[in-house]
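The values are calculated or read from the model by the stated rules, or taken from the named source; none is laboratory data. Because the structure is predicted, anything quoted here is derived from the model rather than measured. Because the Cβ atoms are built from the backbone with ideal geometry, glycine has one as well, and the counts that use them run over all protein chains shown. Note: accessible area is taken over every heavy atom of the protein model, side chains too, but ligands, DNA and RNA are not part of it. Shrake-Rupley method; radii C 1.70, N 1.55, O 1.52, S 1.80 Å.
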Amino acid sequence: MTRCSVSVVDQRQGRTTLVRVVRSSTWGLQRAVLCIILANFLVSGVNADDQGQGEKTCAELIQEFTPKYRAIRVSSEGTSAEGKNPFVFFLHVPRTAGKTYSSCFLSTSMKPSERCMPGYDHYRLPMSQDGCRYYVSHDDMSLLSELEGQDVVVVTQLRDPVERVLSAYEFSVEVAGRKIHESDEKIENLKANLTTVNTYNVWPWSYLIPLARRNMQERMKKLQDEYDGPVQFEEHVDPKTNRTFYFDPIKNESLWQKPKPEEVLDPYDNELVMPLRDWIETPEARELVHNGHTLQILGITNTSFWPEASRLRECFIRDDASREALAALAKEKMEQIPHVGLQSRLDEAVASLAASLKTNMSSPVYKSIPLKAYFYDDKDAGVDLNMKVTYNSTDEGNPHKSITVLDARRLMHNYSLESSRVRSKLKKLEPKLAGLIEKEEEWFQESEKERSSSLSWKFKKQVIKPIRKRFNWMIEHAKSILFNSYIEDDDWYYDQEEQEILRTSPYDENITQLDEEVHGLQKRDFITRHDYHELKNIDVVKGVTFGPNVKAHIPFPDDEALLPNKTVGGNYATCASSALKKGKKKRRNSFTHLQTPDGKSFLFSSKSRGRIDEEILDRIKELNKADYDILEFGTTLFTKTLELQRKQDVLEEIPFPKKEENNNNTVQGTDENNNPNTNSSPRDDRDPTEL
């Protein structure tokens, strides 16, 4: 299933409303046609909504909604009375460190067979494997109406509203900026790949990123049209190596890698992106970002399963009395939720959640499972996983292997993982090897000057070598096509006399060692991908395409996903730190292509946040009054839960690695007197813009 949404202009109020049209079970052209029909119906009908409902007031709508909302069943205990594990729904409010919360703790603490497919980009719960009991998505509380009859534990995470709004703005700008140089067609192709979660498909970024991208494109085009100076970095292709390089006409130099732009612009108010001041007032921000905690807990976002959500959201946004009444309902539901965590106290929140779900920090931990690890079979037809299939293998001793469908799928999964690891190594080693060869070529050219006076050397270089090089290349190329292989090596590039000279090169030993490693990896990558595609070409092994009438399964037992010598607590400690480092690296590389014609750009940081105009921050607070009320209430609930868990002695510590002493001779996590700082975790120095 998928979400199909449309922007509707409410003629009565003169405003644009983002309305969820339908969670469609159709795909491809059918989905597009249905989406358009329903969108047109909604456009024509939403303005007649008041007349159709007899001009119901907001108070009447809320009065009708209240008993329905209160009837939604939420388990208040981490386990059922019978001791059975309940269904856990992580109601992930965007930009609350929920990804760390889920991928570093909640998900990996459960066996792969217990995890439902994550539903960030599409509603994947109906096609998840039987018996799954953990679902994470940006869905709101209305999802519980789809889980009737199940014992459901809801957990969620809160964050300071101003920080969350700023983080949402920064994230949408960063993701749009990373691929601003890519064509719209390529972006659409990326979105069409359902074997991975693409941020462009994830709510609310499916609205906010295109908004940022369109605005960037318009601004960059205007800047380029008005600019009359030289382009700082012109993109060219080196005909010899077929590598892209950049020429700087200002400095008259060429570079293999495009340098990072000069980070001098105000990230919240510059000529490249929509200023923060304007962004917070857009219809998208008002409906998708402001008061996001409250709207998701109420179940009335524009992804809601409930038909009255649009009208209720309208009342919530425009009417103070309605907002207060609905926020009070949200607080009622929060009291039933066994765990409401705080992003500002993330590590304590994880420890508290572990206690609520009765998860031991010393329990075994399991690997994260990517979407591409799942196989899909038709719900009605099914498939015999023990059926034998035969494929063409690269194994010379057994070229025609016969294995079961299940084993074939396991092999495909393992080949996919191995290929990713190999290609990741090659991505690092190949440029390194190319750099060494480039240096050796420069050395060779310098040494060649001493031999250039020889007529025989000139004849070899200008006549014989090009002919030999072309002839040998044709032979190797023909072999690669004939045997579906690859060119073994580049020895034919230099003749025997030149190779003897190159062996005296100061780079020869390093190049030889690195070349052997790269060659081995390339060969392994070829073998792995060959066998993978041979298996994929068997329809029963490949399975059916992801869609509404399928059932997903993972082709390996839980034990194979166990992380050896690791525990739930220890894994969280290392995973959370790693997530922060990855976030910083992504941030540093976000704006390589987002820059003014003269090479200026910006970077989000805690320092730049500190320079935001107080008037803008006050306006964000004003637009998020309900969320501040929810945060205060949630903080009280969290504090009470911690106190109770400490009294019951069920709160375990997270085993963070010991920190080395810093220059001030104090240990992180302590105050200046080396007394334990109970209000901080070992990672309280993290930059808020990274979350």
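List of remarks:
- The set of residues from the stretch 536-561 being touching a Lys or Arg at 6+ places or on another chain (Cβ under 8 Å) and not in a loop (DSSP other than H, G, I, E, B) comprises K536, V541, K542, V550, K551, A552, D558, A561.
- Members of the stretch 602-647 that are free of Cβ contacts under 8 Å to residues at least 60 places away in the same chain and of a type in the set (D, E, K, R): K607, E614, E615, D618, E622, E632, K640, E643, R646, K647
- Restricting attention to the stretch 301-328, the residues that are touching a helix residue (DSSP H, G or I) at 6+ places or on another chain (Cβ under 7 Å), farther than 25 Å from S102 by Cβ and open to solvent by 10 Å² or more (accessible area, probe 1.4 Å) add up to 6.
- Meets criteria (small (G, A, S) and touching a Gly at 6+ places or on another chain (Cβ under 8 Å)) for S606: no
- Test for V667: is it part of a loop (DSSP other than H, G, I, E, B), farther than 18 Å from L342 by Cβ, β-branched (V, I, T) and at pLDDT below 50: yes
Each row is one residue, and each column tells you yes or no for (1) within 15 Å of D140 (Cβ to Cβ); (2) within 25 Å of the chain's Cα centre (by Cα); (3) crowded, with 23+ Cβ neighbours inside 10 Å.
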site	(1), (2), (3)
E262	no, no, no
D266	no, no, no
E271	no, no, no
D278	no, no, no
R286	no, yes, no
N291	yes, yes, yes
G299	yes, yes, yes
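- Selected residue [in contact with an Asp or Glu (Cβ under 7 Å, 6 or more places away or on another chain) and more than 30 Å from I616 (Cβ to Cβ)] from N252, N242, N193, N198: N198
- Within the stretch 104-133, being open to solvent by 10 Å² or more (accessible area, probe 1.4 Å), within 15 Å of the chain's Cα centre (by Cα) and farther than 21 Å from N549 by Cβ holds for one residue alone: Y120.
- Filtering the stretch 190-203 to residues that are modelled with pLDDT of 90 or more and either of a type in the set (S, T, Y) or out of contact with any helix residue (DSSP H, G or I) (no Cβ under 6 Å at 6 or more places or on another chain) (or both) leaves T199, Y200, V202, W203.
- Note on the stretch 375-452: enclosed strands (runs of 3 or more DSSP E) holding 3 or more residues that are crowded, with 17+ Cβ neighbours inside 10 Å are 375-378.
- In the stretch 379-407, the residues that are β-branched (V, I, T) and free of Cβ contacts under 8 Å to residues at least 24 places away in the same chain: T390, I403, T404
- Residue check for M361: farther than 23 Å from T100 by Cα, touching a strand residue (DSSP E or B) at 6+ places or on another chain (Cβ under 8 Å) and in contact (Cβ under 8 Å) with a residue 24 or more places away in the chain: no
- Residue check, E517 acidic (D, E), in contact (Cβ under 8 Å) with a residue 40 or more places away in the chain and open to solvent by 60 Å² or more (accessible area, probe 1.4 Å): yes
- Pick from the stretch 587-630, criterion open to solvent by 30 Å² or more (accessible area, probe 1.4 Å) and in contact with a strand residue (DSSP E or B) (Cβ under 8 Å, 6 or more places away or on another chain), ranking: farthest from Q217 (Cα to Cα): L603
- Pick from the stretch 565-581, criterion open to solvent by 60 Å² or more (accessible area, probe 1.4 Å) and out of contact with any Pro (no Cβ under 9 Å at 6 or more places or on another chain), ranking: modelled with the lowest pLDDT: K581
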